[in-house]
């Protein structure tokens, strides 16, 4: 998602510094952004000149110190609270005091993440939807200490990107995933209990509820590890049994079948044509 955020920011005219865990990963990210922009040219959404100008706005940042000149730093690491806390603990001391810091977390408490930073009043949740270039919504989540100035600046930032902001209170999984992930989890339970096959469940929701893709296909797109992480946050944070992750979802993640990114999940993508795995 970091690639998508960098892409929409650069197209909107903002200078971007792109950081990842290694220089190779940064270069892979830049190649992904270039490929995505080429597809936009094919669709007539941007020109070649737009692509070149936008790419020129993105600069590799090989370490956190290279982010010191930024007005806003957005973390988009994997949905793991320990990983995110380590990032903020190492990052924030290298930033000027006026820099705003945001997390793209889809479920983790902004107040908790802000507590490990040196600037909780300048910390906010800016949760983009995936894929970032296509999805119009951005959730803004204030932590308990987030200032009005930080919130209004974040809202203006979203407007500059041409997207729509919705405001969520700092509760587990916020709005979109609080509703979406339990639906996906229930679809996995429906599969687990033998009520329907992968194909039957996805077809039923596409044609019966007019969803653009079935819930199991969507889970593969999101990543089954991310789906499980969000359900665990909901289950632990709200202490309600209705959020208990389905054992079959846990089993798939334990097997390393995480969806499209590993070529196997509820569908097997290795042949080029998705084939249901159950």
Considering each residue of the range 84-109, count those that are more than 16 Å from residue 71 (Cα to Cα), out of contact with any helix residue (DSSP H, G or I) (no Cβ under 9 Å at 6 or more places or on another chain) and either in contact (Cβ under 8 Å) with a residue 24 or more places away in the chain or crowded, with 16+ Cβ neighbours inside 10 Å (or both), and give that number.
1
Mind counting the residues in the range 252-278 that are surrounded by fewer than 21 Cβ atoms within 10 Å (Cβ to Cβ), free of Cβ contacts under 8 Å to residues at least 60 places away in the same chain and assigned to a loop (DSSP other than H, G, I, E, B)?
10
Answer yes if at least one residue in the range 5-21 is assigned to a loop (DSSP other than H, G, I, E, B), in contact (Cβ under 8 Å) with a residue 12 or more places away in the chain, at positive phi and outside the structural domain of residue 127 (by TED's automatic domain parsing), and no otherwise.
yes
If the requirement is being buried (at least 17 other Cβ atoms within 10 Å of the Cβ) and not assigned by TED's automatic domain parsing to the domain that holds residue 105, which of these qualifies: 229, 197?
229
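Give the residues of the range 221-251 that are closer than 13 Å to residue 187 by Cβ, modelled with pLDDT of 95 or more and assigned to a helix (DSSP H, G or I), sorted by residue number.
So in the range 221-251, the residues closer than 13 Å to residue 187 by Cβ come out as 222, 224, 227, 231, 245-246, 248-249.
Still in the running and modelled with pLDDT of 95 or more: 224, 227, 231, 245-246, 248-249.
Once the filter is applied, which keeps residues that are closer than 13 Å to residue 187 by Cβ, modelled with pLDDT of 95 or more and assigned to a helix (DSSP H, G or I), the range 221-251 yields 224, 227, 231, 248, 249.
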If I filter the range 201-212 for residues that are within 22 Å of the chain's Cα centre (by Cα) and not assigned by TED's automatic domain parsing to the domain that holds residue 1, do I get at least one hit?
yes
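If you scan the range 29-61, which residues turn out to be part of a loop (DSSP other than H, G, I, E, B) and either assigned by TED's automatic domain parsing to the domain that holds residue 138 or under 21 Å from the mean Cα position of the chain (by Cα) (or both)?
The first filter runs over the range 29-61 and keeps only residues part of a loop (DSSP other than H, G, I, E, B), leaving 43-47, 57, 61.
Result: 61, single match.
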What's the number of the condition residue 21 fails, among (1) surrounded by fewer than 17 Cβ atoms within 10 Å (Cβ to Cβ); (2) touching a helix residue (DSSP H, G or I) at 6+ places or on another chain (Cβ under 9 Å)?
(2)
Applying the selection to the range 187-210, what residues are in a helix (DSSP H, G or I) and in contact (Cβ under 8 Å) with a residue 12 or more places away in the chain?
187, 188, 189, 191, 192, 198, 199, 201, 202, 205
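If you check residue 252 against the conditions, is it farther than 24 Å from residue 80 by Cβ and in contact with a helix residue (DSSP H, G or I) (Cβ under 7 Å, 6 or more places away or on another chain)? Break it down into steps so the answer makes sense when it comes.
Values: farther than 24 Å from residue 80 by Cβ: no; in contact with a helix residue (DSSP H, G or I) (Cβ under 7 Å, 6 or more places away or on another chain): yes.
For residue 252, the condition - farther than 24 Å from residue 80 by Cβ and in contact with a helix residue (DSSP H, G or I) (Cβ under 7 Å, 6 or more places away or on another chain) - is not met.
Based on this model, can you work out whether residue 40 counts as surrounded by 15 or more Cβ atoms within 10 Å (Cβ to Cβ), modelled with pLDDT under 95 and under 22 Å from residue 221 (Cα atoms)? Steps first, please.
On the way: surrounded by 15 or more Cβ atoms within 10 Å (Cβ to Cβ): yes; modelled with pLDDT under 95: yes; under 22 Å from residue 221 (Cα atoms): yes.
Yes; evaluated as a whole, the condition is true for this residue.
Return the residue satisfying two criteria in turn: it lies in the range 110-131 and is surrounded by 21 or more Cβ atoms within 10 Å (Cβ to Cβ) and in contact (Cβ under 8 Å) with a residue 60 or more places away in the chain, and of such residues it is nearest to residue 218 (Cα to Cα).
Initially, the range 110-131 is screened for residues surrounded by 21 or more Cβ atoms within 10 Å (Cβ to Cβ), giving 110, 113-114, 117, 122-128.
Retained after the next criterion (residues that are in contact (Cβ under 8 Å) with a residue 60 or more places away in the chain): 110, 128.
Numbers: 110: 25, 128: 16 Å.
Looking at the filtered set, the residue picked out is 128.
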Pairs only if they're at least six apart or on different chains, beta carbon under 9 angstrom, first in the range 133-161 and within 19 Å of residue 8 (Cβ to Cβ) and in the same structural domain as residue 1 (by TED's automatic domain parsing), second modelled with pLDDT under 95 and assigned to a strand (DSSP E or B); list them, first residue then second.
none
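The values are calculated or read from the model by the stated rules, or taken from the named source; none is laboratory data. Given the structure is predicted, the values throughout are model-derived calculations rather than measurements. Methodologically, a virtual Cβ is constructed for each residue, glycine included, from the backbone with ideal geometry; neighbour enumeration extends over all protein chains shown.
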